[in-house]
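These notes concern the structure reproduced below.
Readers should treat all values here as calculations from the given coordinates under stated rules, not as data from a laboratory. None of these values were measured; they are calculated from a predicted model. We place every Cβ from the backbone using ideal geometry, glycine too, and count neighbours over all the protein chains shown.
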């Protein structure tokens with residue numbers, strides 16, 4: 001993805017896993033061969049395997065550089081994390097921090113970590129292993145988490161601490177940040193930065209998780225929506241009824257997805273999801289009785 005410039009703000013991508021293959025029905029239980037065939041008419045092989053019912057996801061973060069802050073949106077899976085229930089994420093050893101360094105950023109340079117939600121593949125680099133302990137990776141950052149999202153998972157953890165919550169990520173990637181005092185719990189419409197006609201703010205987009213939020217970035221007359229997991233794969237644009245196996249509330253997830261697609265269709269808004277492979281960035285356009293993504297590196 002080409003770095004997007006919105007006036008004084010820049011948005012870049014930090015990739016952990018660029019193209020993870022998944023059986024289509026493992027990701028989207030109600031997808032069909034016909035839907036995949038339709039998807040192949042407008043999506044390249046980096047999205048859908050040409051010969052098999054396999055789809056591809058990227059796992060990446062976004063860095064939003066503003067004049068005031070370096071903001072990291074979601075932190076992927078993380079290294080050395082035990083995720084036996086998801087082998088593709090288990091005990092990774094990726095050069096994620098080297099990718100961050102390519103943007104001239106050290107962990108110490110991150111001012112804000114924004115968590116769209118608290119699933120394992122969005123909080124992993126919140127912490128790193130140091131002398132046998134999980135400690136915050138970004139020592140100078142405020143970690144912004146939705147209060148509703150955190151309360152839900154904390155309640156499950158408190159009810160039975162021995163049972164891993166979110167594949168164990170709540171214990172190794174969320175609680176250590178809270179215990180360090182760096183976590184900031186906020187409402188789902190929290191404003192991270194606010195300037196006249198510009199800023200970075202959250203918007204509720206629940207369904208995939210109880211308190212899922214999306215991130216708006218606006219400056220220089222341009223607008224980007226970092227939608228987290230409200231839309232996982234581009235075939236959900238032409239077929240918004242497709243659910244994700246991990247959705248918390250499937251009906252709410254569909255309603256949220258339709259709302260995003262309808263509001264921003266045929267507008268200049270750039271959509272940046274958490275899992276679209278390259279070129280990642282697209283504009284939503286109306287197509288038939290649904291939508292498509294018009295991918296761009298502009």
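Can you tell me the FRET efficiency between residue 194 and residue 259 if r is taken as the Cβ-Cβ distance and R0 is 25 Å, rounded to the nearest 0.05?
With R0 = 25 Å, the Cβ-Cβ based efficiency is 0.60.
Pulled fully out, how much extra length does the chain show between residue 266 and residue 68, if you take 0.36 nm times their separation in residues and subtract their Cα-Cα distance?
Length difference between fully extended and current span is 68.2 nm.
Determine the calculated [θ] at 222 nm for the chain from helices alone, applying -39500 (n - 2.57) to every DSSP H run no shorter than 4 residues and normalising by the residue count; nearest 500 deg cm²/dmol.
-5000 deg cm²/dmol
Take the Cβ-Cβ distance between residue 104 and residue 33 as r, set R0 to 45 Å, and report the resulting FRET efficiency rounded to the nearest 0.05.
With R0 = 45 Å, the Cβ-Cβ based efficiency is 0.50.
Once you have the Cα-Cα distance between residue 297 and residue 159, take 0.36 nm times their residue separation minus that, and quote the gain in nm to one decimal.
My answer for the length gained is 45.0 nm.
Please work out the Cα center distance from the stretch 209-225 to the stretch 51-65, rounded to the nearest Å.
Taking the Cα centre of the stretch 51-65 as reference, the centre of the stretch 209-225 is 18 Å away.
So if we plug the beta-carbon distance of residue 80 and residue 286 into 1/(1 + (r/R0)^6) with R0 = 45 Å, what FRET efficiency do we get, rounded to 0.05?
Working from the Cβ atoms, E equals 0.50.
Using only the alpha-carbon atoms of the stretch 4-295, report the extent along each of the three principal axes, biggest first, to the nearest angstrom.
For the stretch 4-295, the Cα spread along each principal axis is 52, 46, 34 Å.
For the stretch 161-262, just say rounded, prolate or oblate: build the C-alpha gyration tensor, square-root its eigenvalues into a ≥ b ≥ c, call rounded for a/c under 1.5, and beyond that prolate if a/b exceeds b/c, oblate if not.
oblate
Regarding the stretch 144-209, what are the three Cα extents along the principal axes, ordered largest first, in Å?
48, 29, 15
On a full-extension model of 0.36 nm per residue, what is the gain between residue 249 and residue 140, subtracting their alpha-carbon distance, rounded to one decimal in nm?
35.8 nm
By per-residue mean of other Cβ atoms within 10 Å, what is the highest-first order of 275-285, 147-157?
275-285, 147-157
Over the stretch 48-199, what per residue volume does the convex hull of the Cα atoms give, in whole Å³?
Cα convex hull per residue, to the nearest whole number: 156 Å³.
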